[in-house]
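Visitor: Starting off with a structure, shown below.
What follows draws every value from the coordinates through simple rules; no lab data is involved. All figures in this text were calculated on a predicted structure; none of them were measured in a lab. Glycine also receives a Cβ, built like all others from the backbone with ideal geometry; neighbour counts cover every protein chain displayed.
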Amino acid sequence: MTEPKTAQTKGARRTVLTGARVVLPDGVAEGGRVTVEDGRIAADVPGEAGTLDLTGYWIVPGFVDMHVHGGGGASFSSGSAEEALEVVATHRAHGTTTMVASTVTGHLDDLARQAGVLSELVEQGDLAGVHFEGPFIARSRCGAHDPDLLRDPDPADVRKLLDAARGTARMVTLAPELPGGLDSVRLLADHGVIAAVGHTDATYEETLKAVEAGATVATHLFNAMPSLLHRTPGPVAALLEDDRVTVELINDGTHLHPAVLELAFARAGAGRVAFVTDAMGAAGMGDGVYPLGPLQVEVTGGVARLVEGGSIAGSTLTLDTVLRRAVTVDGLPIHEAVMALSTNPARLLGLADRVGSIEAGKDADLVVLDDRYRLAGVMRRGEWVVRPDMG
C-alpha cells in the first residue's frame, strides 16, 4: 500500500493509526488509536490527519537493544562509521529503533578509536550509546573474545575507554573478581555508566560484592559464567535475587533452554528482564563465515560458533524474532515481552522519557505486527522505516 496521507494542522504533521491492538503501559487497548504528530506520540485530539486502518494488527513500542555487535554483514568493531550505520539500518528494519553499539575485546588503543567513531554516531542520534564488552573479562569464560587480548580491569584503563567515548559510554561488561574489578565497578557507577557482570568466574559472594559496589546488569545471564549449582550457586543466583539487577537474556532457543528462561522470569520478574540479541555481523544474513573482532565465526543453520574451538559466538538474532518466540514458543503475555524488549532497557539506559512505551510526548517509535506476531511495519520518530503493506 502507499504511505498514508498526512495533513497540515496548525503547522503540524499528524497521522492516526487506528483499529490495532495497542500494547500500552497499563495493558492492551483493543481497537486502539495512536496519534503521531511531528515525530512524537500525541494526545488524541480532533483535527485533520491521515488515517491508517490497522485492524487485526498489533502496535508495540519500538524495540531497545542494549547489547548488539553487528548485523547486515557489518560490525560496530570495524572502526568504520559506514559499517556501523549498516548495522543500525539492518536492526532498525527489524524493529529496533534504539540500540547501543557493543564492541568486542581488542587492544585498548583500538577500542578507543572505535569508541571515537561510535560516539559521533551517538551525538548525531543514530545510536544510544557505547557498550564495551571486554577486555576486562575472565580468560576461563571469554567465549568468543580473543584470550590473548584480555586484561584485568585496572580503573585507569577503564577510564581511558570512558574518555575515548566522550560521555557516550552506557555500559561496561567486566569480571568483578579480577584485580581492580570492584574499584572499576565503583568508578563506572560514579560516572553514571552501567557496570555489568559478565564473562566471569565470580563466586556468589564475589558477585554480591559487585552489586553492592554498583553493578546493575547481568550480561547474557547464564552464558559465559558458572552454572547454577546447589552448593555453589555462583553469580546466577546472586544476580537473580537482587532487585537492583536487570538480567539480559538471549532468547534464540540455543543460548537458553525454555525452562531456564521461565526460571529467570519467575525469579526476577518481568520488570527486571531485558531481551538482547548479542547479534554479530551475520544477523539479517545467511550462513557463512564472518569476522567478530579479530576472530572468525562460522554460521550454520543460523547458529554462530567460532571457527577455532566451536564456542557460541553471539547470535544472528533480530528483536522481532525474539518477540515472536517469546509469545508463541515461551508463552509470555505480549505485555511482558514488550517490557523486556522495550520498557526495561529504555529505563535502564536512562531513556524512558523518550522511548520504551507508547505514551503521549514520547518519540513515535512503533512496531506493527500481524496476527502471527510477524513484523509488518516499523516507524521511527514518526517516519516509516518499513511501511505496512495491507495488500
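Visitor: Going by alpha carbons, how many degrees (0 to 90, nearest 10) lie between the helix axis of 204-213 and the longest principal axis of the chain?
Guide: 60 degrees
Visitor: Here is a follow-up. Quick one: 3J(HN,Hα) in Hz for the stretch 257-270, Karplus 6.51/-1.76/1.60 with θ = phi - 60°, rounded, Gly and Pro as x.
Guide: Per residue, the Karplus-derived 3J(HN,Hα) values read 6, x, 5, 6, 4, 5, 4, 4, 5, 5, 8, 7, x, 4 Hz.
Visitor: Please give the helix 181-190 orientation as an angle from the longest Cα principal axis of the chain, in degrees from 0 to 90, rounded to the nearest 10.
Guide: Between helix and principal axis, roughly 30 degrees.
Visitor: Hey, another quick one. Rounded, prolate or oblate for the chain? Axes are the square roots of the Cα gyration tensor eigenvalues, ordered a ≥ b ≥ c, and the cut-off for rounded is a/c under 1.5.
Guide: Prolate shape, in that a/c is at least 1.5 and a/b is the bigger ratio.
Visitor: About its Cα centre, how strong a charge dipole does the chain have in debye, to the nearest 20, once Lys and Arg get +1 and Asp and Glu get -1 at the Cβ?
Guide: With Lys and Arg at +1 and Asp and Glu at -1, about 680 debye.
Visitor: Now for a different question. Tell me the mean residue ellipticity at 222 nm calculated for the chain from its helices only (DSSP H runs of n ≥ 4, each -39500 (n - 2.57), averaged over every residue, nearest 500).
Guide: -7000 deg cm²/dmol
Visitor: If you don't mind, another one. Looking at Leu121, Thr200, Ala29, which one has the Cα that reaches farthest to the positive end of the dipole of the chain (charges on Cβ: Lys, Arg +1; Asp, Glu -1)?
Guide: Positive-end residue among those listed: Ala29.
Visitor: Listed highest first by mean packing, meaning other Cβ atoms within 10 Å per residue, what order do 24-35, 277-288, 293-304, 374-385 come in?
Guide: 277-288, 374-385, 293-304, 24-35
Visitor: Mind sorting Ile358, Ile137 by how few other Cβ atoms lie within 10 Å of their own Cβ, fewest first?
Guide: Lowest to highest Cβ neighbour count: Ile358, Ile137.
Visitor: Show me, for the stretch 318-323, the HN-Hα J-couplings you get by feeding each phi into the Karplus relation (A = 6.51, B = -1.76, C = 1.60, θ = phi - 60°), rounded to Hz, glycine and proline as x.
Guide: 10, 6, 5, 5, 4, 4
Visitor: Taking the number of other C-beta atoms within 10 Å as the exposure measure, put Phe136, Phe265 in order starting with the fewest.
Guide: Phe265, Phe136
Visitor: Further, regarding this structure: What ranking of Asp146, Asp190 emerges when the number of other C-beta atoms within 10 Å of each C-beta is taken as an exposure proxy, fewest first?
Guide: Lowest count first: Asp190, Asp146.
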